[in-house]
Structures are given as C-alpha cells and as structure tokens.
Amino acid sequence: MTAAWPRRPRLVAGNWKMHKTPAEGAALAREFVALRAADPAATKCEVAMCPPFTSLGLVAEALKGSGVHLGAQNMNAETHGAFTGEVAGTMLVASGCRFVILGHSERRHVMGETDEQVAKKLRAALRDGLTPIVCVGELLAEREADKTAEVIVRQITAAYAGLDADTAKSTVVAYEPVWAIGTGKVATPEQARDAHRVVRATLDQVVGAGVGAAVQVLYGGSVNAGNAATLFAEDDIDGGLVGGAALEAAGFWKIVAAAAARP
Ligand code: PEP
C-alpha cells in the first residue's frame with residue numbers, strides 16, 4: 001500500500017530543455033512569479049523552474065524571494081577538473097539551484113547516458129546538496145512488449161541500490177514514458193498510477209520499507225493545462241515534470257494551480 005496524496009507535498013517542475021535566452025528566461029520567471037503571487041492557494045504546490053545553464057543566473061535573480069525554486073537539467077558527477085563543457089553540482093548550488101534533473105530520457109536516449117552514469121550523478125547531487133529529480137520511463141517498443149515494469153525496476157534499482165533510506169526519501173522520481181514526452185500523447189491516469197506504484201514498490205524493495213511512500217513521484221509526458229487536473233487527481237501522482245507547457249507563464253501557472261487545488 002502506498003500513502004495517500006496529502007502525506008506528500010506537491011511539486012511541479014518545469015524543464016525548459018534548450019529553450020530561452022537568459023533575458024527571455026528571466027521574463028518568463030518574472031511573469032510566472034507575478035501570477036503565483038496573486039493566488040495565495042498556490043503556495044500549496046512547490047514549483048521549480050529548470051532553465052538551461054546559461055540562464056540560471058538571471059532566472060535566479062528573477063525568482064529571488066518568490067519561493068519558486070531553481071533547478072538545473074543535468075550535472076557532472078565529478079567535483080571539478082578537466083571536463084570541457086561540463087558543470088559540477090557545487091556550481092549549480094552556487095548559482096542558486098535547489099534541484100537537478102537526472103537521467104532525463106533525452107539524456108539517456110539522445111546523449112547515450114547509462115544507468116550507471118545516472119547512479120553516479122544521483123550520489124554526486126546528494127553529496128553536493130542538491131535535490132535530484134531522477135527520471136525513469138519506457139520507450140514505446142518496451143511498453144508494447146509489456147516491459148514497462150521491467151524497465152522501471154531496472155532503472156530505479158540501478159540508481160538507488162545502496163542508498164540509505166533517509167537519503168533516498170529526500171529525492172524525487174519523475175516517471176516519464178518516453179513515448180509521451182513532447183509528443184502530445186499523454187499517459188492515461190491509470191497508466192501513470194500503475195507505473196508510479198511500480199516505482200514505489202521498487203524503492204521499498206531496493207532501499208527499504210516505507211521509502212516508496214515517502215518519495216515524491218511526478219508524472220511527465222505532455223502534461224498541459226487541459227490534462228493536469230485529471231492526472232493530479234491520482235493519489236500516487238504527486239505533481240508533474242513539465243516540458244513544452246512550462247515555456248509559457250500562463251499555461252504553466254494553470255498546471256501548478258491544478259496541483260495546488262488537489263485536496
Ligand atoms: C520533459 O521534458 O520532461 C517533458 C515531459 O516534456 P513534455 O512535457 O513537453 O512532454
């Protein structure tokens with residue numbers, strides 16, 4: 001059995017991917033902060049904005065004092081050194097980040113990131129004081145071959161095996177079926193719920209009893225203002241990781257408001 005919704009805080013994170021210049025990002029952040037400030041109920045849902053590295057500085061300034069968190073989309077597991085083009089977790093913290101997205105499907109399937117690299121980055125993020133959002137999810141072919149649970153179990157096990165329970169409880173998981181990311185095809189609430197239950201059961205098995213119920217599990221994959229409330233009505237869905245719909249303040253605000261409105 002997993003815990004019901006009210007036991008876990010709600011979280012909506014926006015993954016901007018490779019979009020927005022620093023000035024455009026700061027403008028989006030300012031617009032969103034103004035919308036959120038106008039509705040006191042919005043504080044019922046935590047929010048993170050995850051721009052490209054180049055926009056972190058200006059977006060951090062725009063978010064200052066708002067209660068909206070800053071996140072990054074990736075990091076290197078090393079602390080420093082000769083790793084051209086890479087960014088360390090400590091640099092993200094110094095830039096104002098609280099969150100870091102790890103193992104996004106675009107990094108796994110476009111950049112070739114492995115389960116082992118995601119596991120290393122997870123430990124590095126925790127060492128550096130970041131809250132990792134660990135992404136897992138199956139390809140369309142894997143869903144069609146009835147391998148969704150197998151993929152989730154493999155990815156969660158590889159990332160979390162060996163972590164202690166209290167540390168694992170401080171992380172966030174995003175279930176993102178790859179076939180739903182950026183495609184306009186959204187998982188049904190039942191498909192998402194079932195996958196989230198696999199995530200939680202695997203955390204219990206790999207890390208320890210009770211971990212699955214404590215970890216925030218977000219759904220990601222074509223979440224928008226129109227489908228957010230239905231998805232977030234599921235007890236096992238603690239919020240969303242949002243790509244395309246996070247690039248426009250009013251639409252992103254509606255998604256956050258849907259999560260905040262959940263009793
Ligand atoms: C994502 O980038 O994590 C994502 C879920 O994208 P989209 O919402 O555009 O499908």
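The residues on offer are 118, 59, and the sole one that is within 17 Å of the chain's Cα centre (by Cα), open to solvent by less than 20 Å² (accessible area, probe 1.4 Å) and either touching a residue at least 12 places away in the same chain (Cβ under 8 Å) or not assigned by TED's automatic domain parsing to the domain that holds residue 157 (or both) is 118.
Mind listing whichever residues of the range 244-263 are over 14 Å from residue 41 (Cβ atoms) and open to solvent by 20 Å² or more (accessible area, probe 1.4 Å)? Listed by number, the residues that qualify are 244, 245, 247, 248, 250. For the range 190-206, a residue qualifies if it is out of contact with any strand residue (DSSP E or B) (no Cβ under 6 Å at 6 or more places or on another chain) and aliphatic (A, V, I, L, M), and the qualifying residues are 198, 201, 203, 206. Only one of the listed residues (188, 230, 183, 202) is without any contact (Cβ under 8 Å) to a residue 24 or more places away in the chain and either away from the ligand (no atom under 15 Å from the Cβ) or open to solvent by 10 Å² or more (accessible area, probe 1.4 Å) (or both). That residue is 188.
What's the number of the condition residue 42 fails, among (1) surrounded by 19 or more Cβ atoms within 10 Å (Cβ to Cβ); (2) of a type outside the set (Lys, Arg); (3) without any contact (Cβ under 8 Å) to a residue 12 or more places away in the chain? For residue 42, the failing item is (3).
Of the residues that make up the range 212-220, is at least one closer than 24 Å to residue 28 by Cβ, outside any strand (DSSP E or B) and within 16 Å of the ligand (Cβ to nearest atom)? No, that holds for no residue.
The values are calculated or read from the model by the stated rules, or taken from the named source; none is laboratory data. Nothing here was measured: the structure is a model prediction, and the numbers come from that model. Reconstructed Cβ throughout: ideal geometry from the backbone, glycine too, with neighbour counts over all protein chains shown. Ligands, DNA and RNA are excluded from the accessible area calculation, which covers all protein heavy atoms including side chains. Shrake-Rupley method; radii C 1.70, N 1.55, O 1.52, S 1.80 Å.
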